[in-house]
Every structure is written in structure tokens, then in C-alpha cells.
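Q: This is the structure I have questions about; it appears just below.
The values are calculated or read from the model by the stated rules, or taken from the named source; none is laboratory data. Model, not experiment: these values are computed from the prediction. Cβ atoms come from the backbone with ideal geometry, glycine included; neighbour counts cover every protein chain shown.
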Amino acid sequence: MRIGLLGCGTVGGGVLEICRKRVPSLEVVRILTLPGELDDPLVTHDASVLLDDPAIDCVVEAMGGDEPAHGFLVRALENGKSVVTANKAVVAAHFAEFMELAERHGAQFRIEATSGGGVPWVASIEKARRVDEVTSISGILNGTSNYLIDAMEREGVDFDAALREAQELGYAEADPSADIDGIDVRNKTIISATVAFDSLCRSAVPTLGIRRLTKGILDALAARGWSLRLLARARRAGERYAACVEPVVLSAQSVEAHVPRNFNLATLEGGTVGELKFYGQGAGALPTGNAIVQDLLDIEAGVSSRYATRETLAWDPSLLGAAYLFATKAPLGEAARELPGAGEAAGDASSRRLSVVFGLDPERAGELARAAAETDPETFVASFSPEAAASLEGLL
């Protein structure tokens with residue numbers, strides 16, 4: 001199978017290496033890069049040379065971002081070329097459009113590498129869904145945010161020091177907003193929920209990040225036998241569904257609490273298969289490149305995948321109702337109950353304290369978080385897992 005490669009940075013380079021060294025049937029015949037990026041006889045700086053070549057069977061997109069990636073993928077699909085992409089942002093924004101074009105032009109559109117890097121997450125959801133109704137998905141789907149939290153817990157460093165370390169190691173970008181504000185996980189949640197529930201997941205997924213997380217908050221949680229991770233969460237019940245991204249207070253004994261550094265851990269639940277967990281590297285040249293090559297091999301073998309293009313389930317955020325932790329100086333009203341002995345959770349001389357509000361869903365928690373942030377911009381919010389919430393009874 002003849003392949004055109006859009007972008008040859010970290011991920012594209014991994015694809016090229018794997019194809020050349022391990023899978024000779026997958027022949028990369030043209031590579032689109034910016035001038036000066038790669039010295040290779042296959043390089044072109046003109047997208048049309050690659051996208052309009054009838055001899056190219058499949059296009060691999062490893063550029064990232066929305067444009068020009070979106071336009072390139074539309075053009076490839078309209079030309080009847082199958083597409084494999086690692087670009088979660090462009091897929092989350094244009095999922096239905098890409099699938100409709102693929103079906104119209106007899107092409108494949110495959111997305112394994114968008115969610116979980118080298119973890120076979122999308123394929124595993126698809127296999128589970130062949131037998132079961134997948135009722136929930138969740139997990140750590142961003143290695144950068146997990147690295148930061150793990151470093152803060154394990155090494156006792158503050159957020160800024162952990163972020164500098166992650167940037168020096170190449171785990172975090174110079175602008176880490178997509179990772180620490182939950183945007184990257186939101187894109188992966190939209191994709192994962194669409195596959196799991198066979199219904200297009202809406203783009204307006206409630207999202208809370210970890211930008212305001214402090215060592216003081218983590219220390220206060222640890223003193224009570226809790227940990228914290230940034231999680232994707234989605235649930236289906238009959239013809240209703242909901243999804244969100246938020247920091248979650250976990251039992252320190254949970255599997256998620258022990259996921260180290262930049263690793264991912266994704267979980268699904270089905271009627272007959274029960275709970276399944278998938279652990280591995282969520283990013284990197286060869287793990288993500290491996291996921292792309294797996295998709296290419298499926299296309300070569302004639303294995304097809306089709307995903308929903310319409311939102312056929314009703315949105316119901318109450319499916320993800322939980323107790324929520326607030327670290328803030330802002331007044332939260334009579335419903336808030338302060339954690340006894342929490343003290344000054346921010347680890348500074350502020351009066352920011354830890355409080356719990358019961359009976360919120362992700363949308364209402366987000367509204368309360370935004371209102372609190374008007375008074376205290378450093379407000380931090382997280383939900384409680386059911387296991388961690390159970391231990392609140394003895395504290396409040």
C-alpha cells in the first residue's frame with residue numbers, strides 16, 4: 001500500500017521508522033514537510049503533489065492543529081484516499097464531516113492514534129461494543145497532566161517546578177494550556193464517547209483542568225487517604241449519555257492513583273465483559289506511530305470501521321452527578337461543608353479552604369466554579385470518585 005505522510009515530526013517520524021524497518025508492505029512514497037525540516041528524497045513542500053496523486057492509496061496526517069490539517073484531510077477523502085490521523089483536535093472538531101466524506105467516497109477514516117497513543121483504546125472499545133452496550137468509559141488520557149500530578153505527589157514539588165521539569169523532558173509544550181486546562185483530554189473524550197456509545201458526542205463537554213492545583217491541596221488530600229488525577233468520564237444509561245473532563249479525588253489505593261509519570265490508563269465497562277483497563281504509553285514517536293501503523297494494516301487487510309455522524313442519544317449530565325471539592329476563598333453558600341482540619345489548603349497565607357458540595361453534576365459544578373473564580377481566581381475544583389466520597393461520611 002502506497003502512503004503519503006503529512007508531517008514528519010515526532011509522530012510522523014515514528015511512522016516512517018516503523019514502516020521502513022518493520023512493515024515493508026506499507027511504502028511511504030511522499031512526505032509533506034515545511035522547508036528545511038527534513039532531508040529526504042521523498043519530501044515535498046506542495047500538498048497537492050501528495051493529495052492529488054492517484055497512485056497514493058492512503059494519507060497519514062501527523063501535523064496537529066485544525067488548519068491546514070482539516071482542509072488537507074477533506075481533500076484526501078474527496079479524492080477517495082483513506083485517511084489515518086493522530087490529530088485529536090481536528091477529529092473532535094470535524095468527526096461527522098470526515099466520516100460522511102469517507103462513506104461517500106468509498107474511503108476509510110481511522111483514528112486509533114488520536115486517543116491513548118500506543119494504548120489500543122479505540123480498537124478495544126470497538127471490540128467490546130460488538131457484544132456489549134458500553135455503559136461507561138473513563139481514564140487518564142493525558143500524559144503531561146499525569147506527569148505533573150505524579151511529580152507533585154511523589155517528589156513533593158510545587159506545580160511550577162513540576163511543569164518546568166515536564167517541559168525540560170519534552171512532555172509539556174512551551175504553552176501547556178491544552179494539557180493543564182483539560183482541552184486535550186476533552187478532544188479525546190469526544191472521540192472515545194462517540195465510539196463507545198455509537199452516537200456523536202457533542203463538543204460542549206464540561207471541562208475543568210489542573211491549572212490551579214497546589215501542593216497544599218494534594219497534601220491535604222493525602223492526609224485523608226486520597227489522591228487526585230485528571231480524568232475523562234462518560235456514561236450511558238439507555239438512550240441518555242453524558243461526558244466530562246475534570247480532576248477527580250480518588251482513593252489512594254485505586255489503580256488510577258498509582259499510574260506514574262506520563263502513562264495513560266483507560267477503563268471501559270460493558271454488560272458481559274465487566275470492567276476492562278488498558279495501560280501504556282499515551283504519547284511518543286514509536287508508541288503513537290505503532291497505533292497509526294496498526295490502522296494502516298487494517299486498511300490494507302480490508303478491515304473497515306464506521307463511526308456515528310449524528311447525536312442520537314439525549315444529553316443528561318445528571319448521569320455523572322457527584323460530590324465536589326472546592327479549594328477557594330469565595331463563599332459557596334449553605335450547601336458547602338468545610339472539611340474539618342483542612343486548614344489553608346493553598347499552602348500559603350491565604351484563607352483558601354477545602355469545602356465539599358454534594359449533589360452537583362459537571363455542568364452545575366462548572367457554573368459554581370466560574371462564579372467562585374470571580375471572587376478568587378485561584379479557585380480549584382475536583383469531583384469525588386464514589387470510593388473517595390464514601391469516606392466523606394466519617395469526616396463531615
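Residues are listed down the side, and each one gets a yes or a no for (1) modelled with pLDDT of 95 or more; (2) farther than 17 Å from ALA327 by Cβ; (3) assigned to a strand (DSSP E or B); (4) not assigned by TED's automatic domain parsing to the domain that holds GLU334:
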| residue | (1), (2), (3), (4) |
| --- | --- |
| ALA346 | no, no, no, no |
| ALA349 | no, no, no, no |
| VAL357 | yes, no, yes, no |
| ARG364 | yes, yes, no, no |
| ARG370 | yes, no, no, no |
| SER391 | no, yes, no, no |
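Q: Sort through ARG236, ARG130, ARG164 and tell me the only one that's of a type outside the set (A, V, I, L, M) and either crowded, with 23+ Cβ neighbours inside 10 Å or touching a residue at least 40 places away in the same chain (Cβ under 8 Å) (or both). I'd like the intermediate steps shown before the answer.
A: Details: ARG130 fails: either crowded, with 23+ Cβ neighbours inside 10 Å or touching a residue at least 40 places away in the same chain (Cβ under 8 Å) (or both); ARG164 fails: either crowded, with 23+ Cβ neighbours inside 10 Å or touching a residue at least 40 places away in the same chain (Cβ under 8 Å) (or both).
Within the list ARG236, ARG130, ARG164, the selection yields ARG236.
Q: Can I ask one more? When both residues are 6+ apart or on different chains and their Cβ atoms are under 7 Å apart, which pairs have a first residue that lies in the range 275-288 and is without any contact (Cβ under 8 Å) to a residue 12 or more places away in the chain, and a second that is buried (at least 16 other Cβ atoms within 10 Å of the Cβ)?
A: Qualifying pairs under 7 Å: GLU275/THR267; GLU275/GLU269.
Q: Out of all the residues in the range 312-325, is one or more touching a residue at least 24 places away in the same chain (Cβ under 8 Å), in contact with a Leu (Cβ under 6 Å, 6 or more places away or on another chain) and closer than 27 Å to SER199 by Cα?
A: No: the range 312-325 contains no residue that is touching a residue at least 24 places away in the same chain (Cβ under 8 Å), in contact with a Leu (Cβ under 6 Å, 6 or more places away or on another chain) and closer than 27 Å to SER199 by Cα.
Q: Right, next: Can you name the residue in the range 217-231 that is over 26 Å from the mean Cα position of the chain (by Cα) and among the hydrophobic types (A, V, I, L, M, F, W, C) and is also surrounded by the fewest Cβ atoms within 10 Å (Cβ to Cβ) among such residues?
A: Checked the range 217-231; the qualifying residue surrounded by the fewest Cβ atoms within 10 Å (Cβ to Cβ) is ALA223.
Q: Pick from the range 284-317 the residues that are small (Gly, Ala, Ser) and surrounded by 15 or more Cβ atoms within 10 Å (Cβ to Cβ): which of them is farthest from the chain's Cα centre (by Cα)? Spell out the reasoning first.
A: Let us first name the residues in the range 284-317 that are small (Gly, Ala, Ser), namely 284-285, 289, 291, 301-302, 304-305, 308, 314.
After this cut, where a residue has to be surrounded by 15 or more Cβ atoms within 10 Å (Cβ to Cβ) as well, the list is 284-285, 289, 291, 305, 308.
Details: GLY284: 15, ALA285: 17, GLY289: 17, ALA291: 15, SER305: 21, ALA308: 19 Å.
Once the filter is applied, the top-ranked residue is SER305.
Q: Can I ask one more? Taking the criterion of being more than 28 Å from the chain's Cα centre (by Cα) and either among the small types (Gly, Ala, Ser) or not in a helix (DSSP H, G or I) (or both), would at least one residue in the range 15-24 satisfy it? It would help to see each step written out before you state the result.
A: From the range 15-24, those more than 28 Å from the chain's Cα centre (by Cα) are 20-24; that's our starting set.
From what is left, the residues that are either among the small types (Gly, Ala, Ser) or not in a helix (DSSP H, G or I) (or both) are 23-24.
Looking through the range 15-24, at least one residue is more than 28 Å from the chain's Cα centre (by Cα) and either among the small types (Gly, Ala, Ser) or not in a helix (DSSP H, G or I) (or both).
Q: Right, something else. Which is part of a helix (DSSP H, G or I) and not hydroxyl-bearing (Ser, Thr, Tyr), of ALA234, ALA166, ALA172? Reasoning before the result, please.
A: Numbers: ALA234 fails: part of a helix (DSSP H, G or I); ALA172 fails: part of a helix (DSSP H, G or I).
When all the criteria are applied, what remains is ALA166.
Q: I'd like the full set of residues that are assigned to a loop (DSSP other than H, G, I, E, B), touching a Gly at 6+ places or on another chain (Cβ under 9 Å) and either of a type in the set (Ser, Thr, Tyr) or buried (at least 18 other Cβ atoms within 10 Å of the Cβ) (or both), limited to the range 260-283. Don't jump to the end; show me each part of the working.
A: Of the residues in the range 260-283, the ones assigned to a loop (DSSP other than H, G, I, E, B) are 260-262, 271-273, 282-283.
With the extra rule that they be touching a Gly at 6+ places or on another chain (Cβ under 9 Å), the set shrinks to 261-262, 282-283.
Residues satisfying the conditions are ASN262, GLY282, ALA283.
Each row is one residue, and each column tells you yes or no for (1) in contact with a Phe, Trp or Tyr (Cβ under 8 Å, 6 or more places away or on another chain); (2) in contact (Cβ under 8 Å) with a residue 24 or more places away in the chain; (3) among the acidic types (Asp, Glu).
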{"residue": "ILE18", "(1), (2), (3)": "no, yes, no"}
{"residue": "SER25", "(1), (2), (3)": "no, yes, no"}
{"residue": "VAL28", "(1), (2), (3)": "no, yes, no"}
{"residue": "ASP39", "(1), (2), (3)": "no, no, yes"}
{"residue": "LEU51", "(1), (2), (3)": "yes, yes, no"}
{"residue": "MET63", "(1), (2), (3)": "yes, yes, no"}
{"residue": "ALA69", "(1), (2), (3)": "no, yes, no"}
{"residue": "GLY80", "(1), (2), (3)": "no, yes, no"}
